[in-house]
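All remarks here apply to the structure that follows.
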Amino acid sequence: MIPFSPPRIDDKTIEAVSEVLRSGWITTGPKTKQFEKEISAYCGVKSTVAVNSWTMGMQVLLHWWGIGEGDEVILPAYTYCASANVIVHAGAKPVLVDINEEDFNLNVDAVHAAITPKTKAILAVDIGGFPCDYNTLRDLINEPEIKGQFSPNTDLQKQLGRILLLSDAAHSFGAIMNGQKSAALADIATFSFHAVKNLTTAEGGALCFNLPDGFDHDAIYREMCTKILHGQSKDALAKTKKGNWRYDVEEPGFKCNMTDIQAAIGLIELDRYQENLDRRKAIFNTYDAAFAKEDWASTPIHTTENKASSYHLYQIRINNVSEEQRDAIIQEIFEQDVSVNVHFLPIPMLTAYMKRGYSISDYPEAYRKYSQMISLPVYYDLSDEQVGMVIEAIKNAVVKVLGS
Ligand SMILES: *Cc1c(COP(=O)(O)O)cnc(C)c1O
């Protein structure tokens, strides 16, 4: 069976983790701090806070920014449930918008139409690793009319004076837009280092801050480090200094710090990330070459004049099929010992959100994309021979279900 997305764990990773285990320092410490610095440098952002998952990092972030009851956050209907769940837990309303025809990302005109005086943030999701239209989103939130109706509730919101632009960059570590890492184009970008993501720490995530000048990023970093560790004024490392035991808690915090065991994996991953991207890109190109000539196939956009994907998901679409036919094709692919996946069941199709009044009929493009798409295996260790087997399996399955 060709797996869908196994992590790249080898002797190098195992050695790095063993070193941390032997060092006696296994929670947040020097490796985590180094990982944060290297992420900031790699992404070109002002500061980075490592956390134990995208989800908990985002939860703390929404709390810190003062988003809650009565507020609205705009996000695409086409994303993983975590993107919307955190907004529900914050007590705010997820306002879903439909996606573009040409890619899987949120449609900026739909975002514009969804903005109200209650809108506090836009959560743009780089689906599959392809960056959203951050320039257009920035222009939009800076339009005098949009800025004029913004009503801040907190000092931070007042200081920004406009809607906060968040990037759900769970898929897009290393993606590029206009010569910059796309994470640097949002006010705050949030990564996931879950086992299936491009860069993994087994479980983990990071918040990358790139707020406008005037925000004190050192102070924000210190505040966030406190917030992710119970609100405690000193972390475990600071408390190891002789006699330095006393601490205070000014506000009850959360608990979602990254450990040095996780950071050790991340540092290895980051060190060889370009190799990973290059291999992924080569696999994308091979899939493109194989499917571009099939009239039943639509291949995903991954590289344009000003954008380059992180090549996280190869989302092929089978033109004009029904959801049932797509499911039958997936079954046939698995029969040939190839694992594929669907990214994603749109939010309005999940019971939790149907119960909250969302309906997929309001998001026709999200449904069309979802019902026709299949994600193919893409990872560093996938060999050329295996890529060939995936291609054969897809072609055979399509012929079997649709005829030729
Ligand atoms: C994986 C994923 C998340 C959640 O990441 P965790 O680290 O598992 O919390 C959020 N958004 C998207 C788009 C994802 O794919």
Comparing Leu166, Leu137, Leu350 in a Gaussian network model of the chain (Cα, 10 Å), the one with the largest mean-square fluctuation is Leu350
Mind listing which GluC sites (Glu not before Pro) in the range 256-320 are in a DSSP loop and have 14 or fewer other Cβ atoms within 10 Å? Glu305
Which order results if Phe344, Phe191 are arranged by neighbouring Cβ count within 10 Å, fewest first? Phe344, Phe191
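Ignoring everything except DSSP H segments at least 4 long, calculate the 222 nm mean residue ellipticity for the chain; use -39,500 (n - 2.57) per segment, divide by total residues, nearest 500. Provide the component values of the computation, followed by the final result.
Values: 15 runs with 163 residues, N = 404.
After summing the helix terms and dividing by residue count, I get -12000 deg cm²/dmol.
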Percentage of Cα-Cα pair distances in the range 273-402 greater than 27 Å, rounded to whole percent? 24
So for the range 157-277, taking the charge dipole from beta-carbon charges (+1 Lys/Arg, -1 Asp/Glu), which of Ser182, Gln232, Gly243 sits furthest toward the positive end? Gly243
Any chance you could list P(r) for the chain, counting all Cα-Cα pairs in 20 angstrom bins from zero, rounded to whole %? 27, 56, 17, 1
If each residue of separation counts as 0.36 nm, what is the full-extension length gain between Leu345 and Leu156 once their alpha-carbon separation is subtracted? 64.6 nm
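Test of understanding: what is the full-extension gain from Asp139 to Lys37, defined as 0.36 nm times their sequence separation minus their Cα-Cα distance?
Numbers: separation 102, 0.36 × 102 = 36.72 nm, distance 2.96 nm.
Separation in residues times 0.36 nm, less the Cα-Cα distance, equals 33.8 nm.
Ranking Glu332, Glu102 by Cβ neighbours within 10 Å, fewest first, what do you get?
Numbers: Glu332 18, Glu102 9.
So the residues, fewest neighbours to most, are Glu102, Glu332.
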What's the Cα-based Rg to Rh of the range 1-144, Rh via Kirkwood? 1.05
Magnitude of the charge dipole, the range 11-271, Cβ model with Lys/Arg +1 and Asp/Glu -1, debye to 20: 1100
Calculate the spin-label point distance for Glu335 paired with Lys234, positioning each point 7 Å from the Cα along the beta-carbon direction, and give it in nanometres. 6.6
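Hey, fewest Cβ within 10 Å first, where do Cys132, Cys81 land in order?
On the way: Cys132 32, Cys81 15.
Least to most surrounded, the residues fall as Cys81, Cys132.
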The range 285-302-the range 6-41 distance, computed between alpha-carbon centres (Å): 38
Just to be sure I understand the curve: with the Debye formula and one point per C-alpha of the range 225-285, what is log10 I(q)/I(0) at q = 0.13, 0.20, 0.22, 0.25 Å⁻¹? -0.56, -0.82, -0.89, -0.99
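I need the calculated FRET efficiency for the pair Lys355 and Glu324, taking r as the beta carbon distance and R₀ as 35 Å, to the nearest 0.05.
Working: r = 25 Å, r/R0 = 0.70.
So the FRET efficiency works out to roughly 0.90.
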Within the range 215-240, whose backbone N sits under 20 Å from a point 7 Å along Cα→Cβ of Val249? 222-240
Taking 0.36 nm per residue of sequence separation and subtracting the Cα-Cα distance, how much length would be gained by fully extending the chain between Gln274 and Lys242, in nm to one decimal? 7.4 nm
Listed residues Asn341, Asn320, Asn244; largest mean-square fluctuation, Gaussian network over the chain with Cα springs below 10 Å, found at Asn244
Hey, in the GNM for the chain with a 10 angstrom Cα cutoff, which one of Trp64, Trp245, Trp296 fluctuates hardest? Trp245
With +1 at each Lys and Arg Cβ and -1 at each Asp and Glu Cβ, the charge dipole magnitude of the range 273-402 around its Cα centre, to the nearest 20 debye, comes out at 500
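The numbers here are math on the coordinates, done by the rules we state, and not lab data. Remember, predicted model here, so these are calculated numbers, not experimental data. Note that we place each Cβ from the backbone using ideal geometry, even for glycine, and neighbour counts take in every protein chain shown.
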